[in-house]
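Participant: Just dropping this structure here.
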Amino acid sequence: MVTFCGILLLVGILLTHGATHGWVGAWQILDVPAAVPPFVDMHVIADDAACAARGIDVYRDTSCDVYGRGFNYPPVWLALGHLGIDGSDTVPLALVMDAAAAAVLVLLVRGRSIMVGLVVLAALASPSVAVGFERGNCDLSIFALVGAAALLLDRERRGRAAAAGVLLVGAIVLKLYPVATGISFARSRRWTLTIAAVAACSLAYGVLIWPMLPLIRGNTDEIGGVYGATAFFAVPIGARLGADLPPFARTLIGEGVATAVLLAAAVAAWRSVRRGVAAYDLGAGTTSAAFQFGAGIYCLTFMLGSNYAYRLVFLLLLLPQIFDWIESGIRLSRTAALTLLLLMLGAMWVTIGTDAQELASQALHWALFAGLAFVLWRDLIGSVPRLWSSEAL
């Protein structure tokens with residue numbers, strides 16, 4: 001209830017401030033770099049979808065884009081044009097998507113304390129997450145689908161597992177990176193079969209759109225990344241330190257270090273399982289599924305390179321499990337959970353700016369990546385041997 005009321009209050013403040021200061025001015029109260037037209041990312045999709053319906057190749061012809069860029073989303077988004085969608089539908093489309101993401105978040109944290117609600121609002125109002133709502137970015141639709149899939153796993157029933165799998169396939173069709181939710185495959189034998197079906201559908205879809213991927217990649221702006229294996233070299237201070245390195249070398253170094261961190265986390269997780277430490281257990285149900293989905297997406301996108309700030313919205317999926325650990329009464333669980341929570345909030349709030357901010361931001365993300373990789377490895381190492389003796393989900 002606190003989260004729901006807080007969201008309504010936040011929307012009311014934005015609307016009130018926007019009435020006198022305009023769209024850009026309204027979002028400045030959250031330190032969000034707003035852009036016009038409103039919900040610009042959804043505007044791009046709606047405009048290009050309408051053009052594609054008229055036979056224009058929006059991947060190569062940039063005349064339909066408000067900023068003159070080529071389309072950089074999977075072709076399924078262009079189907080909106082055949083439904084009669086165009087730029088005039090931007091605001092209602094964005095509002096529905098933003099509302100769906102907010103509703104899923106409220107359901108994920110429902111029934112928790114006032115303090116939990118306040119922390120959720122602090123994460124939601126962070127510049128990194130709020131910018132996704134301001135832009136009407138389609139990652140919010142993926143968040144809604146993935147979060148809804150986790151909600152379906154609150155009970156161990158065959159139909160719910162199948163429905164959750166369908167939602168995950170839908171998220172993967174919209175953008176490929178939700179394949180990272182497959183890290184949850186060892187929850188039970190039934191869920192393993194569901195993930196196998198999701199993987200088969202994903203593979204077929206990947207083959208289908210493979211010819212489009214170079215175009216999508218080429219139309220995607222190179223950015224000063226907020227997080228990711230190569231993000232450090234994309235921010236000014238990192239670029240200066242690596243000024244004598246060609247781009248491929250910077251990528252090789254970044255991804256090489258990330259791989260080393262991933263392997264170190266696996267070794268640490270294996271030792272933790274061998275010692276029988278139970279402080280980081282995920283268990284079953286919606287809470288653990290949401291954590292697996294959110295942490296998996298964050299770690300995969302980190303490994304792939306630099307990422308936009310709004311993708312940190314998937315860290316919100318970690319919160320229910322983090323608060324379960326905090327409230328568990330186990331000292332080690334509480335300490336680890338508080339550490340993850342501080343790293344997560346720091347990563348959301350400390351954005352690129354001064355050299356000190358950029359260094360702090362990168363340090364927070366690397367630490368968060370290592371911590372989440374450790375938890376995921378530990379759950380996987382501990383769950384696989386039990387998989388064959390578990391009851392079907």
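The values are calculated or read from the model by the stated rules, or taken from the named source; none is laboratory data. All of these numbers come straight from a predicted model, not from anything done at the bench. Heads up, the Cβs are rebuilt from the backbone with ideal geometry, glycines too, and the neighbour counts pull from every protein chain shown.
Participant: Quick check, is Thr339 touching a Pro at 6+ places or on another chain (Cβ under 7 Å) and polar (S, T, N, Q)? Break it down into steps so the answer makes sense when it comes.
Facilitator: On the way: touching a Pro at 6+ places or on another chain (Cβ under 7 Å): no; polar (S, T, N, Q): yes.
No: the conditions fail for Thr339.
Participant: Further, regarding this structure: Could you list, in sequence order, all residues of the stretch 1-60 that are touching a Pro at 6+ places or on another chain (Cβ under 9 Å), hydrophobic (A, V, I, L, M, F, W, C) and not in a helix (DSSP H, G or I)?
Facilitator: Hit for the stretch 1-60 is Val32, nothing else.
Participant: So, one more: Take the stretch 287-304 and flag every residue that is in contact with a Gly (Cβ under 9 Å, 6 or more places away or on another chain), more than 16 Å from Ala367 (Cα to Cα) and either surrounded by fewer than 22 Cβ atoms within 10 Å (Cβ to Cβ) or free of Cβ contacts under 8 Å to residues at least 24 places away in the same chain (or both).
Facilitator: If the condition is that a residue be in contact with a Gly (Cβ under 9 Å, 6 or more places away or on another chain), more than 16 Å from Ala367 (Cα to Cα) and either surrounded by fewer than 22 Cβ atoms within 10 Å (Cβ to Cβ) or free of Cβ contacts under 8 Å to residues at least 24 places away in the same chain (or both), then Leu304 is the only one that fits.
Participant: Pull out all pairs, ordered by first then second residue, where Cβ-Cβ is under 6 Å, the residues are six or more apart or on different chains, the first lies in the stretch 152-179 and is closer than 17 Å to Pro74 by Cβ, and the second is of a type in the set (S, T, N, Q).
Facilitator: Matching pairs, first to second residue: Leu168/Thr181; Ile172/Ser202; Tyr177/Thr301; Val179/Ser202.
Participant: Residue check: is Val106 on the phi < 0 side of the Ramachandran plot and either over 22 Å from the mean Cα position of the chain (by Cα) or crowded, with 21+ Cβ neighbours inside 10 Å (or both)?
Facilitator: Working: on the phi < 0 side of the Ramachandran plot: yes; either over 22 Å from the mean Cα position of the chain (by Cα) or crowded, with 21+ Cβ neighbours inside 10 Å (or both): no.
No; evaluated as a whole, the condition is false for this residue.
Participant: Still on this structure: Is there a residue in the stretch 209-226 that is surrounded by 15 or more Cβ atoms within 10 Å (Cβ to Cβ) and touching a strand residue (DSSP E or B) at 6+ places or on another chain (Cβ under 7 Å)?
Facilitator: Yes - at least one qualifying residue is present in the stretch 209-226.
Participant: Related question: Being charged (D, E, K, R) and crowded, with 19+ Cβ neighbours inside 10 Å, is that true of even one residue in the stretch 181-191? Walk me through how you get there before you give the answer.
Facilitator: Going residue by residue through the stretch 181-191, those that are charged (D, E, K, R) are 187, 189-190.
Keeping just the survivors that are crowded, with 19+ Cβ neighbours inside 10 Å gives 187.
So far as the stretch 181-191 goes, yes, one or more of its residues are charged (D, E, K, R) and crowded, with 19+ Cβ neighbours inside 10 Å.
Participant: Further, regarding this structure: Output the helices (runs of 4 or more DSSP H) that fall wholly within the stretch 206-308 and possess 1 or more residues being touching a Lys or Arg at 6+ places or on another chain (Cβ under 7 Å) and at pLDDT 80 or above, or say none. So that I can check it myself, show each step before the final result.
Facilitator: Working: elements: 213-219, 236-241, 247-275, 286-304.
Passing ranges, in order: 213-219, 247-275, 286-304.
Participant: Can I ask one more? Among the numbered criteria (1) among the aliphatic types (A, V, I, L, M); (2) assigned to a helix (DSSP H, G or I); (3) at pLDDT below 90, which one does Leu78 miss?
Facilitator: (3)
Participant: While we're looking at this one, here's another question. Anything in the stretch 112-151 that is part of a helix (DSSP H, G or I) and either at positive phi or basic (Lys, Arg) (or both)? List them, or say none.
Facilitator: Taking the stretch 112-151 and keeping what is part of a helix (DSSP H, G or I), we get 114-124, 127-135, 139-151.
Within the stretch 112-151, just Arg135 meets the criteria.
Participant: Among Leu340, Leu332, which is crowded, with 20+ Cβ neighbours inside 10 Å, in contact (Cβ under 8 Å) with a residue 12 or more places away in the chain and assigned to a helix (DSSP H, G or I)? Talk me through it step by step, then tell me what you get.
Facilitator: On the way: Leu332 fails: crowded, with 20+ Cβ neighbours inside 10 Å.
Only one candidate passes the filter, namely Leu340.
Participant: Scan the stretch 18-54 residue by residue and report those that are among the charged types (D, E, K, R) and farther than 27 Å from Trp77 by Cα.
Facilitator: Kept after step one, since they are among the charged types (D, E, K, R), are these residues of the stretch 18-54: 31, 41, 47-48, 54.
Selection gives Asp31 alone.
Participant: For residues that are part of a helix (DSSP H, G or I) and surrounded by fewer than 18 Cβ atoms within 10 Å (Cβ to Cβ), scanning just the stretch 350-369, find the one that is nearest to the chain's Cα centre (by Cα). Lay out the reasoning, then the answer.
Facilitator: Taking the stretch 350-369 first, the residues part of a helix (DSSP H, G or I) are 355-369.
Next, only the ones that are surrounded by fewer than 18 Cβ atoms within 10 Å (Cβ to Cβ) stay: 355-357, 359-360, 363, 367.
Working: Asp355: 26, Ala356: 25, Gln357: 22, Leu359: 22, Ala360: 21, Ala363: 19, Ala367: 17 Å.
Of everything passing the filter in the stretch 350-369, Ala367 is nearest to the chain's Cα centre (by Cα).
Participant: Which residues, taken from the stretch 280-327, are closer than 17 Å to Arg378 by Cβ and of a type in the set (D, E, K, R)?
Facilitator: Listed by number, the residues that qualify are Asp281, Asp324.
Participant: Quick check on my filter: what residues within the stretch 48-77 are buried (at least 20 other Cβ atoms within 10 Å of the Cβ) and either hydrophobic (A, V, I, L, M, F, W, C) or farther than 20 Å from Ala171 by Cβ (or both)?
Facilitator: Taking the stretch 48-77 and keeping what is buried (at least 20 other Cβ atoms within 10 Å of the Cβ), we get 48-52, 58-59, 64, 71, 73, 77.
The answer is Asp48, Ala49, Ala50, Cys51, Ala52, Val58, Tyr59, Cys64, Phe71, Trp77.
Participant: Tell me, yes or no, whether the stretch 110-129 has at least one residue that is under 14 Å from Val40 (Cα atoms), touching a Phe, Trp or Tyr at 6+ places or on another chain (Cβ under 9 Å) and basic (Lys, Arg). Even if it seems obvious, please write down each step before you answer.
Facilitator: Residues of the stretch 110-129 under 14 Å from Val40 (Cα atoms): none.
No, the conditions are met nowhere in the stretch 110-129.
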